[in-house]
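**Q** To start, I am sharing the structure in question, which I have written as structure tokens.
Since every read-out is calculated from the coordinates, none of them should be taken as a lab result. Please read these numbers as outputs of a predicted model, since none were measured by experiment. Please note: Cβ atoms are built from the backbone with ideal geometry, for glycine as well, and neighbour counts cover all protein chains shown.
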Amino acid sequence: MSKDQFLLVSKLAKQNAGLMFPDTKASLVSSRLLKRLRILKLQNFEQYCDLLCGNNAKEEIHHMVAALTTNISSFFREKHHFETLGKEILPTIIEHATKGGKIRIWSAGCSVGMEAYSIAMTIHEGFPEVGNCDVKILATDIDPNVLEIARLGEYQVGDLTNVSKAHQDRYFRSSETETKSSIRVVSEIQNLVSFKQLNLIENWPIKGHFDIIFCRNTVIYFDEDTQKQLWSRFQNILHEGGWLFVGHSERVQENSAPLLKSRGMTIYQKSSETGEKQLRPRSSEESQCL
């Protein structure tokens, strides 16, 4: 991949997905796109760039962005987030849900679904009746390929390294065929999660607000201006008292989201002008998403 070809790819990645690739990432970009060249049976990056600039470029740009997206995931990654969810936030969720209120949670940049299912397991463990209440988890990603894996909820045994034996026995079942051996998330956990394709830098087809947002190790790939815009948008779509969990290398800039207050390592809570810290009661019409 020549310098000009890399500049074109990086420009399109930023314009269409907010992704930033400095010159030092040229070899990474090249290696990730080689698979697209093989699939399309193209001889070189010159032909590929011609495709990206052609009249029917939109579909391939979507494939390009998916190929460039990092999809590293694991169950219960950054364990302290799930401890906060289970110990500090869950009692309020139970209180609202058992009184007929809605609870909405968003896993943004969900990759293959491990984060969303970890959220669902954490809630179900302390609230087994959650399936009878109006508690829903929206999980989104820009890459349709990882969403197919997420919807299936099928993983390899080695993916359960961070999953306790109790959770493995309770929330996973063997899924063996003649060609492979894997494990699948049980239906009562899968039923709590809805997976949708969404580009974070575009318009969000979401009505209402969320009580909890997980967006971890995603915003770090955007430039500073895009990061600030996203923190502000997350703040605006959270209920007062709502929670935002970010990645271990990410920090919310106060000037872009002044109502998001630090409540621990990479954990933020939206306060009101009066300093409210708890999830507030909501009417039944609120929090409709996608």
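**Q** Taking one equal scatterer on every alpha-carbon of segment 132-216, how large is log10 of I(q)/I(0) by Debye at q = 0.11, 0.14, 0.16, 0.22 1/Å?
**A** -0.40, -0.63, -0.79, -1.23
**Q** Same structure again: Collect residues whose amide H, placed 1.01 Å from N in the peptide plane, falls under 5 Å from the amide H of H209; neighbours closer than 5 in sequence don't count.
**A** Amide H neighbours of H209: S287, Q288.
**Q** Moving to a separate point now. Using +1 at the C-beta of Lys and Arg and -1 at the C-beta of Asp and Glu, which of G101, N16, V157 has the Cα lying farthest in the positive direction of the dipole of the chain?
**A** Going by the Cα projections, it comes out as V157.
**Q** Oh, and also: Distance check, please: which entries in K136/K207; K11/K58; K79/K196; K3/K41; K196/K228 exceed 19 angstrom between their Cα atoms?
**A** K79/K196; K3/K41; K196/K228
**Q** How are the alpha carbon pair distances in the chain distributed across 10 Å bins from zero to the largest one, expressed in percent?
**A** 6, 26, 32, 22, 11, 2, 0
**Q** How compact is segment 1-132 by the rule of thumb for globular proteins, expressed as Cα Rg over 2.2 N^0.38 Å?
**A** 1.50
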